[in-house]
Protein chains: 2
Amino acid sequence: MSDTATLSRLFSGIETDLDIVDVTFHERATSGLEMLNTASAHVLKSPGKRLRTALTLLSGKLLTYRFEKLLPMSVAFEMVHLATLVHDDIIDHATTRRGLPTVNARYGNAVAILLGDYLFAKTAGLIADVEDFRIDHLFSETVANVCEGTILELLSVRQSGVTVDHYIDRISRKTACLMSACCKGGVTLGGGSDAQIALMEQYGLNLGIAFQIIDDVLDYVGTEESIGKPAGNDLRQGLVTLPLIYALRSQQNGYVEHVDHILRAETPPDADVRDVVAWVAEGPAIDESFALARHYSARALALLSEFPASPEREVLEQLVDFVVDRSR
Amino acid sequence: MSDTATLSRLFSGIETDLDIVDVTFHERATSGLEMLNTASAHVLKSPGKRLRTALTLLSGKLLTYRFEKLLPMSVAFEMVHLATLVHDDIIDHATTRRGLPTVNARYGNAVAILLGDYLFAKTAGLIADVEDFRIDHLFSETVANVCEGTILELLSVRQSGVTVDHYIDRISRKTACLMSACCKGGVTLGGGSDAQIALMEQYGLNLGIAFQIIDDVLDYVGTEESIGKPAGNDLRQGLVTLPLIYALRSQQNGYVEHVDHILRAETPPDADVRDVVAWVAEGPAIDESFALARHYSARALALLSEFPASPEREVLEQLVDFVVDRSR
């Protein structure tokens, strides 16, 4: 079954509400200024997997489903995610995302900086609509964490000596912490106890770490068609991720120097990148990376078992498998 | 009397609380990451006039002074102001601010983008500490407005046909709206009625417009020593402000084409910029600009008269005069 078909099936119980979140997102991202609308419409053309919103709604549905509170929070978290993507693309000098030109490529860095800031501002208004100060603080801490994660990533670029611990810390902050916030926020608004809130925070964190590890594996084993960008993109940008960390551990003759050389180059030759990608993809590093992803996904599953059985718990369980088994 | 001496005298009644705001600002801008701390310490080295904080505290003191609520809001508004400055400097390719290298010049655009985002995130946490949803919405609307104002400015760069109305709309959003938010937020937390809140919102807006007009006048008549940057900086960057709009109205022979030429140039020759600056500074445009600033400052004063007389009202009145009479 394709990824899209799997997600459609998993999300069938919350489909109507996912659509309402989408519509509200578009409404709330609107400015009185043509330029901002054009830029934000551009970036909204290619929607993601709605994974964050689904996590929020499903976590809220584990207990008492209060969609009127979950709606602004879901839109806020999707919007802040979009804001960070817009800014990330400037930082990475990215020219395409999900097959479309990035905002910075199309409208310039200045507009991209301001669109990101504008979306942040709008997000704060949505969070205010939730009218729960715990969510205000969750939002602030999460965004600060994501910024710190991005700085950590920036500082580790072109460094071949990145450790697994550093990598996990970095992806925990940059990616997993927003998924964690969706789950934590959802169950908070569902009326969860402190213990239940802590469980879902950890579920989201472990799921998010597994998600990012798989993303990083796909950057080595995926095809340009499946992942929407050429394989080896991270390496080309000087970013050392888990598969490469594992591969470098093997100390295979010549490759450590080869990788160092690529990491140091501004624009490494394509042939060199392809060579290292093939080396990583064919060695044991991929299986080892999958094993670490499964370690985190198993933790996520175990945490869910503390909640009473329900259709939503079942979907959250299946999402864990999806995250590890998806092909893009 | 020097500007600094005037402000010290005006702020003597709130000096202790201004200092507490400063200290709290430094505490709350702190990250666990060295890189962010270094960059934010750098930008905090050169403090501004504390005008926004003073407006917040004085507006709050017009009615019931609740410093415990005003404190996080004041810090938040100073912090969001700093975040926008950090991002503005990237957009403007600015290399110095208040005599120090900008964050982008010193640490690169990526760090500057992330420092701005990080400060936004921290601001949201401070706003949450106020525990008043009206302030959450005020914050969100204000930041969105500032972003829109910056886009308006960006779109008007290198356009000689800017009208006075467009200019006032642009500075209302980009600069005056944050001062307005300080005053509105202050009197809201002071327990103001809807009418009083609306009055102080308008006071801040009119004061802010007068403030920015004077800033723009000083860019034509100030010395590098007094304003911390060479005169003609706006013109050099292609930004058309009120003095130039008025001067261009005179249709003086040759100058319209001369200005057009400078605006179109990436880096206009210094002699050309100096020539136009002298033309604007010596003509009636400066007096006309002062007159418009006084129109707005008179409105601000009139709005204050609706409040009962108090030492705070008196300081807010004197601040209006200071804004128009200052030399930097």
For the stretch A:220-283, what is the charge dipole size about the Cα centre, in debye to the nearest 20, if Lys and Arg each add +1 at the Cβ and Asp and Glu each add -1 at the Cβ?
180 debye
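Order of A:Val256, B:Val259 from fewest to most other C-beta atoms within 10 Å?
Least to most surrounded, the residues fall as A:Val256, B:Val259.
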Tell me the distances, shortest first, between B:Arg66 and the same position across the other copies, using label points 7 Å along Cα→Cβ, in nm to one decimal.
2.2
With 0.36 nm assigned to each residue of separation and the Cα-Cα distance removed, A:Glu306 to A:Ala291 gains 3.0 nm
Residues B:Leu235, B:Leu18 in order from fewest to most other beta-carbon atoms within 10 Å are B:Leu18, B:Leu235
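Would you mind ranking A:Arg158, A:Arg50 by Cβ crowding within 10 Å, fewest neighbours first?
Result, fewest neighbours first: A:Arg158, A:Arg50.
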Counting other Cβ atoms within 10 Å, which GluC sites (Glu not before Pro) in the stretch B:82-162 have at most 13 and lie in a DSSP loop?
B:Glu131
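As a quick test, which of the pairs A:Lys61/B:Lys184; A:Lys184/B:Lys184; B:Lys69/B:Lys174; A:Lys174/B:Lys61 have an alpha carbon distance above 30 angstrom in this structure? Could you put the intermediate results ahead of the total?
Values: A:Lys61/B:Lys184 39 Å; A:Lys184/B:Lys184 34 Å; B:Lys69/B:Lys174 25 Å; A:Lys174/B:Lys61 42 Å.
Over 30 Å apart, Cα to Cα: A:Lys61/B:Lys184; A:Lys184/B:Lys184; A:Lys174/B:Lys61.
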With one decimal in nm and the nearest listed first, the spacings from B:Val157 to its own position in the other copies, using label points 7 Å along Cα-to-Cβ, are 2.2
If you place +1 on the Cβ of every Lys and Arg and -1 on the Cβ of every Asp and Glu, how big does the dipole about the Cα centre of chain A come out, in debye to the nearest 20?
260 debye
Kindly give the distances from A:Thr16 to its copy-mates, label point to label point, with each label point 7 Å from Cα along Cα→Cβ, as nm values to one decimal ordered shortest first.
6.0
Along each of its three principal axes, how wide is the spread of alpha-carbon positions in the stretch A:190-326, in whole angstrom units, largest first?
54, 30, 24
At 24 angstrom or more along the helix axis (alpha-carbon based) and mean Kyte-Doolittle of -1.0 or higher, what helices does chain A contain? Whole DSSP H runs only.
A:67-91, A:109-130, A:133-156, A:194-221, A:285-304
Computed FRET value (nearest 0.05) for B:Val157 with B:Thr4, which takes r as the C-beta separation and R₀ as 41 Å:
0.80
Hey, rough spin-label estimate for A:His137 and B:Asn37, points 7 angstrom out along Cα→Cβ, what's it come to in nanometres?
2.3 nm
Once you've got the GNM for chain B with C-alpha springs shorter than 10 Å, pick whichever of B:Gln237, B:Gln251, B:Gln202 has the biggest mean-square fluctuation.
B:Gln251
Along the Cα→Cβ direction, 7 angstrom out, place labels at A:Glu27 and B:Gln251. What is the inter-label distance in nm?
5.0 nm
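Values in this text are rule-based calculations from the coordinates and carry no lab data. Since we're looking at a predicted model, the values are computed, not measured. Neighbour counts run over all protein chains shown; Cβ positions are idealised from the backbone, glycine included.
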